[in-house]
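Each remark here refers to the structure printed beneath this line.
The values are calculated or read from the model by the stated rules, or taken from the named source; none is laboratory data. Since we're looking at a predicted model, the values are computed, not measured. Glycine gets a Cβ as well: all are built from the backbone with ideal geometry, and neighbour counts include every protein chain shown. Just so you know, the surface numbers come from the protein's heavy atoms only, side chains and all, with ligands and any DNA or RNA stripped out. Shrake-Rupley method; radii C 1.70, N 1.55, O 1.52, S 1.80 Å.
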Amino acid sequence: MKVTLNTAAEKLIRTSLADKPGMLRIVYDTENCGCGMSGVPGLQLVSKPGDYDIPLENDAYPFWIDRMQAVFFEEDLTLSGEETTGTFRLDGRSQFYKSNIRLVDRR
């Protein structure tokens, strides 16, 4: 899997990292969504990958995703930053996943 960032996304991530070590995780959050098949994409800043995480290709930052959650996403993803709101938008080649995604710092 691969995730591509636009310039605004790179800037927002750099600001969130604030010169501290960290990596990013794309998650499929099912908490309070009713069942494991209903969820929403999320973005986390973590200190280490989870036990079942696999790496995503990215030129700027280390990205990870739980291998069981990867099935909910396309192979090629685009993460766009919205500087005015400080949020992100996640898209695939054939669909839009979510906008207004906040980067949650879990380091």
Within the range 7-23, is even one residue assigned to a loop (DSSP other than H, G, I, E, B), at negative phi and out of contact with any strand residue (DSSP E or B) (no Cβ under 6 Å at 6 or more places or on another chain)? yes
Can you report the number of residues in the range 27-49 which are open to solvent by less than 60 Å² (accessible area, probe 1.4 Å), at pLDDT below 95 and assigned to a loop (DSSP other than H, G, I, E, B)? 5
Looking only at the range 88-107, which residues are without any contact (Cβ under 8 Å) to a residue 60 or more places away in the chain and open to solvent by less than 80 Å² (accessible area, probe 1.4 Å)? ASP91, GLY92, TYR97, LYS98, SER99
All conditions in (1) in contact with a strand residue (DSSP E or B) (Cβ under 6 Å, 6 or more places away or on another chain); (2) open to solvent by 40 Å² or more (accessible area, probe 1.4 Å) are true of THR84 except (1)
Report every pair of residues separated by at least 6 positions or lying on different chains whose Cβ atoms are under 6 Å apart, first residue within the range 74-85 and within 15 Å of ARG102 (Cα to Cα), second open to solvent by 70 Å² or more (accessible area, probe 1.4 Å). SER80/ARG89
Which of the following residues is at pLDDT 95 or above, over 14 Å from the mean Cα position of the chain (by Cα) and open to solvent by 30 Å² or more (accessible area, probe 1.4 Å): TYR52, TYR61? TYR52
Residue hits (the range 55-107; under 16 Å from ARG25 (Cβ atoms) and part of a loop (DSSP other than H, G, I, E, B)) are ASN58, ALA60, TYR61, PRO62, ARG67, MET68, GLN69, PHE73, ARG102, ARG106, ARG107
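For ARG67, indicate whether it is of a type in the set (Lys, Arg) and in contact with a Gly (Cβ under 9 Å, 6 or more places away or on another chain).
The answer is no for ARG67.
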